[in-house]
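Okay, so here's the structure we're looking at.
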Amino acid sequence: MKKFAPFFVILAASLWAVDGIVLRPSLFSLPVTLVVFVESTIVALILTPFIFKYFGEIKILTKKDWLAFAGVALFGGAIGTMAITKALFYVDFVNLSIVILIQKLQPVFAISLAAMFLKEKLPREFFLWATLAIAGAYFMTFGFNVPNISSGDKTFLAAMFALLAAFSFGFSTVLSKRALRDVSFELATYLRFAITSVIMLLIILISGTIQNINDITTGQASIFLLIAFTTGGPAIFLYYFGLKRISASVASICELAFPLTAVVLEFILRHHILGPVQWIGAFVLLFSILRVTNIRAYKNNNTLAN
(Lines give C-alpha, C1' and ligand atoms only; values in the text may rest on other atoms or scores of the structure.)
Protein backbone atom coordinates (compact mmCIF):
# COMPACT_ATOMS: atom_id res chain seq x y z
CA MET A 1 0.00 0.00 0.00
CA LYS A 2 2.95 2.35 0.62
CA LYS A 3 3.70 2.26 -3.09
CA PHE A 4 0.33 3.83 -3.86
CA ALA A 5 0.22 6.22 -0.90
CA PRO A 6 1.30 9.29 -2.93
CA PHE A 7 -1.66 8.81 -5.26
CA PHE A 8 -4.09 9.21 -2.37
CA VAL A 9 -2.57 12.65 -1.72
CA ILE A 10 -2.82 13.46 -5.44
CA LEU A 11 -6.50 12.45 -5.43
CA ALA A 12 -7.17 14.61 -2.36
CA ALA A 13 -5.49 17.62 -4.00
CA SER A 14 -7.59 17.07 -7.12
CA LEU A 15 -10.75 17.08 -5.02
CA TRP A 16 -9.68 20.38 -3.47
CA ALA A 17 -9.46 21.83 -6.98
CA VAL A 18 -13.04 20.71 -7.63
CA ASP A 19 -14.00 22.48 -4.41
CA GLY A 20 -12.37 25.76 -5.44
CA ILE A 21 -13.47 25.79 -9.08
CA VAL A 22 -16.90 24.16 -8.96
CA LEU A 23 -18.44 24.26 -5.47
CA ARG A 24 -17.12 27.18 -3.41
CA PRO A 25 -18.22 29.94 -5.85
CA SER A 26 -21.82 29.36 -4.75
CA LEU A 27 -20.90 30.51 -1.23
CA PHE A 28 -19.57 33.89 -2.37
CA SER A 29 -22.29 35.90 -0.62
CA LEU A 30 -21.48 34.54 2.85
CA PRO A 31 -18.76 35.73 5.26
CA VAL A 32 -15.60 33.67 4.92
CA THR A 33 -15.51 32.90 8.65
CA LEU A 34 -19.03 31.50 8.51
CA VAL A 35 -18.23 29.37 5.44
CA VAL A 36 -15.27 27.71 7.15
CA PHE A 37 -17.19 27.22 10.41
CA VAL A 38 -20.19 25.57 8.74
CA GLU A 39 -18.19 23.23 6.52
CA SER A 40 -15.92 22.14 9.39
CA THR A 41 -18.79 21.62 11.81
CA ILE A 42 -20.85 19.56 9.35
CA VAL A 43 -17.95 17.18 8.75
CA ALA A 44 -17.22 16.90 12.49
CA LEU A 45 -20.88 16.08 13.24
CA ILE A 46 -21.06 13.51 10.44
CA LEU A 47 -17.91 11.74 11.65
CA THR A 48 -18.80 11.71 15.36
CA PRO A 49 -21.00 8.53 15.33
CA PHE A 50 -18.32 6.57 13.47
CA ILE A 51 -15.28 7.60 15.47
CA PHE A 52 -16.09 6.24 18.94
CA LYS A 53 -14.11 3.04 18.39
CA TYR A 54 -10.98 5.12 17.89
CA PHE A 55 -11.37 7.16 21.07
CA GLY A 56 -9.09 4.76 22.92
CA GLU A 57 -6.22 6.25 20.97
CA ILE A 58 -6.89 9.64 22.54
CA LYS A 59 -5.63 8.34 25.90
CA ILE A 60 -2.11 7.86 24.51
CA LEU A 61 -1.85 11.36 23.07
CA THR A 62 0.79 13.54 24.69
CA LYS A 63 0.76 17.30 25.10
CA LYS A 64 2.95 17.58 22.01
CA ASP A 65 0.46 15.47 20.04
CA TRP A 66 -2.38 17.78 21.08
CA LEU A 67 -0.29 20.82 20.17
CA ALA A 68 0.32 19.31 16.74
CA PHE A 69 -3.41 18.74 16.17
CA ALA A 70 -4.21 22.23 17.46
CA GLY A 71 -1.66 23.61 15.00
CA VAL A 72 -3.16 21.60 12.14
CA ALA A 73 -6.63 22.91 12.98
CA LEU A 74 -5.42 26.49 13.40
CA PHE A 75 -3.17 26.75 10.34
CA GLY A 76 -4.77 24.26 7.94
CA GLY A 77 -8.39 24.15 9.02
CA ALA A 78 -8.87 27.79 10.06
CA ILE A 79 -6.24 30.27 8.80
CA GLY A 80 -5.31 28.46 5.58
CA THR A 81 -8.88 27.69 4.57
CA MET A 82 -10.09 31.21 5.37
CA ALA A 83 -7.16 32.72 3.47
CA ILE A 84 -7.65 30.65 0.30
CA THR A 85 -11.42 31.21 0.40
CA LYS A 86 -10.92 34.97 0.84
CA ALA A 87 -8.38 35.02 -1.99
CA LEU A 88 -10.86 33.27 -4.29
CA PHE A 89 -13.63 35.66 -3.24
CA TYR A 90 -11.43 38.69 -4.02
CA VAL A 91 -10.85 37.56 -7.60
CA ASP A 92 -14.48 36.48 -8.00
CA PHE A 93 -13.37 32.97 -8.97
CA VAL A 94 -12.35 34.25 -12.41
CA ASN A 95 -8.70 35.31 -12.29
CA LEU A 96 -7.33 32.21 -10.62
CA SER A 97 -3.67 32.78 -11.51
CA ILE A 98 -2.80 34.57 -8.28
CA VAL A 99 -4.67 32.08 -6.10
CA ILE A 100 -3.23 29.03 -7.82
CA LEU A 101 0.19 30.54 -7.14
CA ILE A 102 -0.09 29.20 -3.59
CA GLN A 103 0.50 25.70 -4.87
CA LYS A 104 3.88 26.81 -6.25
CA LEU A 105 4.94 28.36 -2.96
CA GLN A 106 3.46 25.81 -0.57
CA PRO A 107 6.12 23.13 -1.23
CA VAL A 108 8.83 25.70 -0.53
CA PHE A 109 7.36 26.31 2.93
CA ALA A 110 6.54 22.65 3.55
CA ILE A 111 9.94 21.28 2.56
CA SER A 112 11.78 23.92 4.58
CA LEU A 113 9.60 23.38 7.65
CA ALA A 114 9.82 19.59 7.31
CA ALA A 115 13.60 19.83 7.39
CA MET A 116 13.42 22.06 10.48
CA PHE A 117 10.76 20.24 12.54
CA LEU A 118 10.69 16.67 11.21
CA LYS A 119 14.37 16.29 10.34
CA GLU A 120 13.39 14.80 7.00
CA LYS A 121 16.33 13.86 4.80
CA LEU A 122 15.67 13.41 1.12
CA PRO A 123 17.87 12.24 -1.75
CA ARG A 124 19.15 14.81 -4.25
CA GLU A 125 16.79 13.34 -6.82
CA PHE A 126 13.87 14.70 -4.82
CA PHE A 127 15.07 18.30 -5.09
CA LEU A 128 15.56 17.92 -8.85
CA TRP A 129 12.01 16.74 -9.47
CA ALA A 130 10.57 19.07 -6.84
CA THR A 131 12.17 22.06 -8.58
CA LEU A 132 10.91 20.90 -11.97
CA ALA A 133 7.41 20.37 -10.54
CA ILE A 134 7.26 23.90 -9.14
CA ALA A 135 8.67 25.34 -12.38
CA GLY A 136 6.19 23.33 -14.45
CA ALA A 137 3.30 24.52 -12.28
CA TYR A 138 4.42 28.14 -12.71
CA PHE A 139 4.68 27.96 -16.51
CA MET A 140 1.40 26.04 -16.69
CA THR A 141 -0.38 28.94 -14.99
CA PHE A 142 1.52 32.00 -16.22
CA GLY A 143 3.49 30.94 -19.30
CA PHE A 144 6.40 33.35 -19.79
CA ASN A 145 4.46 36.15 -18.11
CA VAL A 146 5.06 37.62 -14.67
CA PRO A 147 2.02 37.44 -12.33
CA ASN A 148 0.22 40.77 -12.35
CA ILE A 149 -0.54 41.85 -8.78
CA SER A 150 -0.96 45.54 -9.56
CA SER A 151 -4.27 45.46 -11.44
CA GLY A 152 -6.26 46.61 -8.42
CA ASP A 153 -6.46 46.47 -4.67
CA LYS A 154 -8.50 43.26 -4.69
CA THR A 155 -5.93 41.45 -6.80
CA PHE A 156 -3.12 42.57 -4.50
CA LEU A 157 -5.09 41.48 -1.44
CA ALA A 158 -5.83 38.16 -3.14
CA ALA A 159 -2.07 37.70 -3.58
CA MET A 160 -1.45 38.44 0.08
CA PHE A 161 -4.14 36.01 1.23
CA ALA A 162 -2.78 33.41 -1.20
CA LEU A 163 0.68 33.86 0.31
CA LEU A 164 -0.74 33.45 3.82
CA ALA A 165 -2.56 30.31 2.67
CA ALA A 166 0.66 28.94 1.15
CA PHE A 167 2.50 29.24 4.45
CA SER A 168 -0.45 27.98 6.51
CA PHE A 169 -1.06 24.89 4.37
CA GLY A 170 2.68 24.18 4.17
CA PHE A 171 2.99 24.37 7.95
CA SER A 172 -0.19 22.29 8.31
CA THR A 173 1.32 19.53 6.14
CA VAL A 174 4.34 19.34 8.45
CA LEU A 175 2.22 19.44 11.61
CA SER A 176 -0.15 16.82 10.17
CA LYS A 177 2.77 14.46 9.64
CA ARG A 178 3.77 14.95 13.28
CA ALA A 179 0.16 14.57 14.47
CA LEU A 180 -0.28 11.29 12.58
CA ARG A 181 2.64 9.65 14.38
CA ASP A 182 0.64 8.12 17.24
CA VAL A 183 -2.93 7.91 15.90
CA SER A 184 -4.84 6.41 13.00
CA PHE A 185 -5.66 8.58 10.01
CA GLU A 186 -9.37 8.10 10.81
CA LEU A 187 -9.07 9.72 14.23
CA ALA A 188 -6.71 12.36 12.86
CA THR A 189 -9.33 13.37 10.28
CA TYR A 190 -11.96 13.73 12.99
CA LEU A 191 -9.75 15.72 15.35
CA ARG A 192 -8.74 18.05 12.53
CA PHE A 193 -12.37 19.02 11.83
CA ALA A 194 -13.56 18.92 15.44
CA ILE A 195 -10.86 21.25 16.72
CA THR A 196 -11.24 23.51 13.68
CA SER A 197 -14.97 23.84 14.32
CA VAL A 198 -14.29 24.93 17.91
CA ILE A 199 -11.73 27.51 16.75
CA MET A 200 -14.08 28.83 14.08
CA LEU A 201 -16.99 28.99 16.56
CA LEU A 202 -14.93 31.32 18.73
CA ILE A 203 -14.03 33.42 15.67
CA ILE A 204 -17.61 33.85 14.42
CA LEU A 205 -18.81 34.65 17.95
CA ILE A 206 -16.14 37.31 18.40
CA SER A 207 -16.55 38.74 14.89
CA GLY A 208 -20.35 38.67 15.05
CA THR A 209 -20.69 36.80 11.74
CA ILE A 210 -22.72 34.07 13.45
CA GLN A 211 -25.79 36.23 12.84
CA ASN A 212 -25.32 35.69 9.09
CA ILE A 213 -26.17 32.02 9.49
CA ASN A 214 -29.76 32.96 8.66
CA ASP A 215 -28.56 34.17 5.25
CA ILE A 216 -27.65 30.66 4.12
CA THR A 217 -30.00 29.67 1.31
CA THR A 218 -31.33 26.19 0.63
CA GLY A 219 -29.04 25.94 -2.36
CA GLN A 220 -26.00 26.93 -0.32
CA ALA A 221 -26.95 24.42 2.39
CA SER A 222 -26.90 21.75 -0.30
CA ILE A 223 -23.45 22.91 -1.39
CA PHE A 224 -22.19 22.67 2.18
CA LEU A 225 -23.45 19.09 2.40
CA LEU A 226 -21.91 18.24 -0.97
CA ILE A 227 -18.55 19.64 0.19
CA ALA A 228 -18.80 17.67 3.43
CA PHE A 229 -19.33 14.37 1.60
CA THR A 230 -16.80 14.95 -1.21
CA THR A 231 -14.11 17.63 -1.11
CA GLY A 232 -14.23 18.14 2.66
CA GLY A 233 -14.16 15.08 4.91
CA PRO A 234 -13.36 12.40 2.29
CA ALA A 235 -10.56 14.51 0.78
CA ILE A 236 -8.84 14.97 4.17
CA PHE A 237 -9.43 11.28 4.90
CA LEU A 238 -7.60 10.30 1.69
CA TYR A 239 -4.92 12.90 2.34
CA TYR A 240 -4.12 11.63 5.83
CA PHE A 241 -4.19 8.03 4.63
CA GLY A 242 -1.46 8.86 2.13
CA LEU A 243 0.45 11.29 4.34
CA LYS A 244 0.82 8.70 7.11
CA ARG A 245 2.86 6.58 4.68
CA ILE A 246 5.03 9.18 2.95
CA SER A 247 7.14 12.14 3.99
CA ALA A 248 5.69 15.64 4.32
CA SER A 249 8.07 16.81 1.60
CA VAL A 250 6.85 14.24 -0.93
CA ALA A 251 3.25 15.03 0.00
CA SER A 252 3.77 18.75 -0.64
CA ILE A 253 4.85 18.01 -4.22
CA CYS A 254 1.98 15.59 -4.79
CA GLU A 255 -0.36 18.43 -3.78
CA LEU A 256 0.68 20.23 -6.97
CA ALA A 257 -2.04 18.12 -8.56
CA PHE A 258 -4.30 20.96 -7.44
CA PRO A 259 -3.26 23.47 -10.15
CA LEU A 260 -3.15 20.73 -12.78
CA THR A 261 -6.73 19.73 -12.00
CA ALA A 262 -7.77 23.39 -11.75
CA VAL A 263 -6.51 24.11 -15.26
CA VAL A 264 -8.37 21.12 -16.69
CA LEU A 265 -11.58 22.21 -14.96
CA GLU A 266 -11.11 25.77 -16.18
CA PHE A 267 -10.92 24.43 -19.75
CA ILE A 268 -13.95 22.16 -19.36
CA LEU A 269 -16.20 24.62 -17.53
CA ARG A 270 -15.06 28.03 -18.78
CA HIS A 271 -13.31 27.14 -22.04
CA HIS A 272 -10.05 28.78 -20.97
CA ILE A 273 -7.54 27.22 -23.35
CA LEU A 274 -3.89 26.86 -22.42
CA GLY A 275 -1.15 28.21 -24.64
CA PRO A 276 1.75 26.06 -25.93
CA VAL A 277 4.09 27.07 -23.08
CA GLN A 278 1.38 26.33 -20.51
CA TRP A 279 0.79 22.88 -21.98
CA ILE A 280 4.51 22.15 -21.73
CA GLY A 281 4.42 23.30 -18.10
CA ALA A 282 1.46 21.00 -17.43
CA PHE A 283 3.29 17.98 -18.85
CA VAL A 284 6.44 18.85 -16.88
CA LEU A 285 4.35 19.15 -13.71
CA LEU A 286 2.58 15.82 -14.25
CA PHE A 287 5.80 13.99 -15.13
CA SER A 288 7.62 15.46 -12.13
CA ILE A 289 4.82 14.48 -9.75
CA LEU A 290 4.92 10.93 -11.08
CA ARG A 291 8.68 10.82 -10.59
CA VAL A 292 8.33 12.11 -7.03
CA THR A 293 5.87 9.33 -6.21
CA ASN A 294 8.57 6.78 -7.06
CA ILE A 295 11.12 8.25 -4.64
CA ARG A 296 11.51 5.86 -1.74
CA ALA A 297 12.34 8.50 0.84
CA TYR A 298 9.01 7.76 2.53
CA LYS A 299 10.47 4.46 3.74
CA ASN A 300 12.42 6.48 6.26
CA ASN A 301 9.50 8.66 7.34
CA ASN A 302 9.56 7.41 10.90
CA THR A 303 12.41 9.77 11.77
CA LEU A 304 10.38 12.51 13.38
CA ALA A 305 11.15 15.26 15.79
CA ASN A 306 9.82 14.89 19.28
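Take every pair of alpha-carbon atoms less than 8 Å apart whose residues are at least six positions apart; their mean separation over the length of the chain yields a relative contact order of 42 percent.
Bridgeable aspartates and glutamates around LYS59 (alpha carbons under 17 Å apart, same-chain partners fewer than 8 residues away excluded): ASP182, GLU186.
Counting only heavy atoms of the protein chains and using a 1.4 Å probe, LEU187 has close to 0 Å² of accessible surface.
For segment 1-143, averaging the sequence separation of C-alpha pairs within contact (under 8 Å, six or more residues apart) and dividing by the residue count gives a relative contact order of 28 percent.
Report note on the peptides 48-55, 81-88: ranked by the mean count of other C-beta atoms within 10 Å, highest first, their order is 81-88, 48-55. Accessible area per residue was computed with a 1.4 Å probe on protein heavy atoms; ASP19 scores about 10 Å².
Solvent-accessible surface of the chain, taken per residue with a 1.4 Å probe and all protein chains present: 45 Å².
Each peptide in 161-167, 219-225, 247-253 receives the mean, over its residues, of other Cβ atoms within 10 Å, and ordering these scores from highest gives 247-253, 161-167, 219-225.
Ranking PHE229, PHE117 from most to least accessible surface, computed with a 1.4 Å probe over the protein chains only, gives PHE229, PHE117.
At 37 °C and 0.692 mPa s, what whole-number value in µm²/s does Stokes-Einstein give for the translational diffusion of the chain, with Rh from the Kirkwood sum over Cα pairs?
In µm²/s, the coefficient rounds to 169.
Of the heavy-atom accessible surface of segment 7-138 (probe 1.4 angstrom), what whole percent is carbon and sulfur?
Result for segment 7-138: 74 percent of the exposed heavy-atom area is carbon or sulfur.
In the complete set of protein chains, residue-level accessible area for TRP16 is approximately 70 Å², probe 1.4 angstrom. Using C-alpha pairs under 8 Å with a sequence gap of at least 6, the mean separation divided by the residue count of segment 164-250 gives a relative contact order of 56 percent.
Packing around the peptides 262-270, 233-241, taken as the average count of other Cβ atoms within 10 Å per residue, puts them in this order, highest first: 233-241, 262-270.
The values are calculated or read from the model by the stated rules, or taken from the named source; none is laboratory data. The structure displayed is predicted, hence computed values, not measured ones. Reconstructed Cβ throughout: ideal geometry from the backbone, glycine too, with neighbour counts over all protein chains shown. Ligands, DNA and RNA are stripped out before the accessible areas are found, and what is left, the full protein with its side chains, is counted by its heavy atoms. Shrake-Rupley method; radii C 1.70, N 1.55, O 1.52, S 1.80 Å.
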